[in-house]
Structures are given as structure tokens and as C-alpha cells.
Amino acid sequence: MKGALGLVFSLYLVCCVLAQQCSKYHYEEQILSKVVRLEHRMELLEERLSEKGEKECTTCPDGWIYYKGSCYVIVDLNLSFDKARANCQKLHADLVHIENADENTFLRNHLKTMKGTSFWIGLTDTDTEGVFKWVDDNSRASFTDWQSSQPDNGSGTEDCAHFYANFNYKWNDDQCYNSAKSICEKKRE
């Protein structure tokens, strides 16, 4: 009986020690898992803070939108291309010069939330038909986002580019004297 009792007691002690070790390992795994989750949350918060900090550190005027070094404003006046450009210049800006697909997507997504069907951009081929240049620096367009079959120089007089809602905000050429809203851009101050 003593031997059996001793064996049971010994097994009990072994089980307790193993349970404590198992419990200890389980506890350590839980702590490690929590640490990993907290590190991930901290990384996300740091990203958000850096994005927010970047936005807060900009000096875009009220009502303008910041994106990657530039400030943009959608002008809610229907003006001809030349008047839209003159209006942007009064704001110490110019009609938008879209440099790449990311900037274009940013603007398209923003325009989809606005009212209006047509928004001038600073691209024209008034100097040489078919050679579209940006008005701010006279450079030839290296990135474009024309609707298929555009530009078409309809009626032989379409020389100015705009985002066009009917083409899912792809670009279209239109007569420069037509009225449209516009997008002004200036580099961050």
C-alpha cells in the first residue's frame, strides 16, 4: 500500500511539475502572441501618424487638397480653358499637370465624388495638332489617360483636354471655348 501510495504521490508530483511547465509555456506563448499583435498595431499607428503628420505639415490653403508634394483645388466655375487657366494663375497655381498614373487615379477618385461632368486639365495641342503639351512648362505629355478613340479632334477644333464623367473620368479633347470646371495645382509652399 505504501508503495502504491508513493507511486500515486510521485505521479501526482510529476503531473504537477509538467502542468506547471506546460502552463508556463502556454503563458509565454500567449505573451509572445500579444507582443507580436501590439508591435503590428504600433507599426500601423506609426504609418497613420506619419501620413497624418505629412498632411498636417503641409501649407495648402484652406479648401485645397494635398497629395504627394502638390496642392489641388477643384474650381466650381464653368469657364473656357483660357479663363480657367487665368483663374488658376490668380490663385498662384496653374491648370493641373498630371505626371503619372497614381496622380491621375487620385484625381479621378476625387472627381467621382464631385458634381460636374467636365474638368479642364492643363493639356493642349493648340500649337501643333496631335502634339499635346502641358501649359505650365510646355513639356510634351509622357503620361496620358485618354478614353479609347480620343483624342479625336472632333470638328477639327478640339485642342484642350479634360476629365470627362461620361467616359468614366478618362480624358477627352474638347473645344477650348467650351465651359467646364477645372483643377488647379500648385507645389506645396
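The values are calculated or read from the model by the stated rules, or taken from the named source; none is laboratory data. Just so you know, these numbers come straight off a predicted model, no measurement behind them. Cβ sites come from the backbone with ideal geometry, for glycine too, and all protein chains shown count toward neighbours.
Checked against the criterion of being buried (at least 20 other Cβ atoms within 10 Å of the Cβ), more than 25 Å from the chain's Cα centre (by Cα) and in contact (Cβ under 8 Å) with a residue 12 or more places away in the chain, the stretch 135-151 has at least one qualifying residue.
If only residues of the stretch 95-132 that are β-branched (Val, Ile, Thr) and surrounded by 12 or more Cβ atoms within 10 Å (Cβ to Cβ) are counted, the one that is nearest to LYS83 (Cα to Cα) is ILE121.
Restrict the check to the stretch 88-106 and report whether at least one residue is of a type in the set (Val, Ile, Thr) and modelled with pLDDT under 95. So far as the stretch 88-106 goes, no, none of its residues is of a type in the set (Val, Ile, Thr) and modelled with pLDDT under 95. Restricting attention to the stretch 152-188, the residues being more than 20 Å from ALA101 (Cα to Cα), surrounded by fewer than 17 Cβ atoms within 10 Å (Cβ to Cβ) and not charged (D, E, K, R) number 9. How about the stretch 55-83: which of its residues are closer than 20 Å to THR113 by Cβ and surrounded by 14 or more Cβ atoms within 10 Å (Cβ to Cβ)? CYS60, TRP64, ILE65, TYR66, TYR67, SER70, CYS71, TYR72, VAL73, ILE74, VAL75, ASN78 - these are the residues of the stretch 55-83 that are closer than 20 Å to THR113 by Cβ and surrounded by 14 or more Cβ atoms within 10 Å (Cβ to Cβ).
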